[in-house]
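We did not get these values from a lab; they are worked out from the coordinates using the rules stated. Quantities reported herein were computed from a predicted structural model and do not represent experimental measurements. In this analysis, Cβ positions are derived from the backbone assuming ideal geometry, glycine residues included, and neighbour counts consider all displayed protein chains.
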Amino acid sequence: MLDLFSEEAPWAEPLAEGAVILRRRAREQAASLLAQVEAVAQSNPFHHRITPGGHRMSVAMTNCGDLGWSSDARGYQYTGEDSATGRRWPPMPQMFRLLAQACAQEAGFNYFQPDACLINRYEPGAKLSLHQDKDEKDLRQPIVSVSLGLPAVFQFGGFERGDAVQRVLLEHGDVVVWGGPSRLRFHGILPIKAGIHPLTGAFRYNLTFRRAR
Ligand code: MD3
Ligand code: FE
C-alpha cells in the first residue's frame with residue numbers, strides 16, 4: 001500500500017563509474033547541518049564572488065575548514081584565509097567531517113580526509129555553469145556533495161565541455177560522491193526554480209567536501 005507518511009530509508013543510485021547518489025542520506029541530520037551552516041555564515045557571511053572574467057556569481061558562497069575555495073581577479077584558488085576579510089575560515093564542524101567520511105566510505109573511498117568544505121547558497125534563478133573541479137592537488141580523492149532545501153536540476157556531462165549531458169534532480173538530503181573516472185566530469189546546476197522549503201525557505205544549499213591539498 002502507498003504510505004504517504006513513511007520515512008523511506010536512504011538508497012544508493014549509481015550514476016556513472018565512480019559516481020553514486022545516496023538518496024536522502026542526510027535527511028535526518030538536515031536541521032543540524034543547516035544550523036551549522038548558519039553558524040559558519042555568522043562568522044563568515046555568504047558572498048557573491050567575482051569571477052576572474054569580472055562577472056558576479058549568482059551563487060553565494062562561504063567555506064569552512066583549513067582551506068576554502070574562492071575566486072577573485074587573481075583567479076580560482078584554495079587559501080587558508082578569506083581574501084575578502086583576511087581571516088581564517090571557520091573550523092569544519094565535526095558532524096560535517098563525520099558525515100562526509102561516512103558517505104565516502106559507503107561509496108568505496110576509505111581514507112577520505114576533507115580539509116575544505118565549500119558551501120553554496122542558491123536563490124531562485126541562481127545557477128552554476130558547466131565546469132570541472134580540478135583545483136585540488138590529488139584528483140584521486142573524491143568530492144562529497146550534500147544538497148539541502150529547494151531541489152535543483154543537476155547536469156553532468158563527459159570530459160569535454162561539449163559532451164552530451166544527463167540531467168538528474170537533486171533533492172533535500174541527497175548526497176553524491178564523485179570519484180574515480182567521474183571526478184573530472186563537467187557538471188553544473190540549472191537555474192533554481194522559486195519555491196519555499198520548510199527548512200531552508202527560499203534557498204538551496206549545497207555543501208561540497210574536498211581534499212584540497
Ligand atoms: C561532479 N556544486 O561547488 S554538487 C561545486 O550543487 C559544484 O552546488 C554543485 O559543482 C552544487 O563545484 C554541484 C555535485 C558535484 C560536486 C562536485 C563534483 C558534482 C561533481 C566534482 C566532479 C564531478
Ligand atoms: Fe563543481
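Points worth noting:
- Residues in the range 188-198 that are surrounded by 15 or more Cβ atoms within 10 Å (Cβ to Cβ) and away from ligand 2 (no atom under 16 Å from the Cβ): His197 only.
- Looking only at the range 1-44, residues that are in a helix (DSSP H, G or I) and hydrophobic (A, V, I, L, M, F, W, C) come to 9 in all.
- Residues being on the phi < 0 side of the Ramachandran plot, surrounded by 14 or more Cβ atoms within 10 Å (Cβ to Cβ), touching a residue at least 24 places away in the same chain (Cβ under 8 Å) and in contact with a helix residue (DSSP H, G or I) (Cβ under 8 Å, 6 or more places away or on another chain) are represented in the range 35-50 by at least one member.
- Summed over the range 164-211, the residues that are part of a loop (DSSP other than H, G, I, E, B), within 12 Å of ligand 1 (Cβ to nearest atom), among the hydrophobic types (A, V, I, L, M, F, W, C) and more than 17 Å from Arg121 (Cα to Cα) give a count of 2.
- Test result for Ala60, among the hydrophobic types (A, V, I, L, M, F, W, C), surrounded by fewer than 18 Cβ atoms within 10 Å (Cβ to Cβ) and either under 17 Å from the mean Cα position of the chain (by Cα) or within 21 Å of Arg210 (Cβ to Cβ) (or both): no
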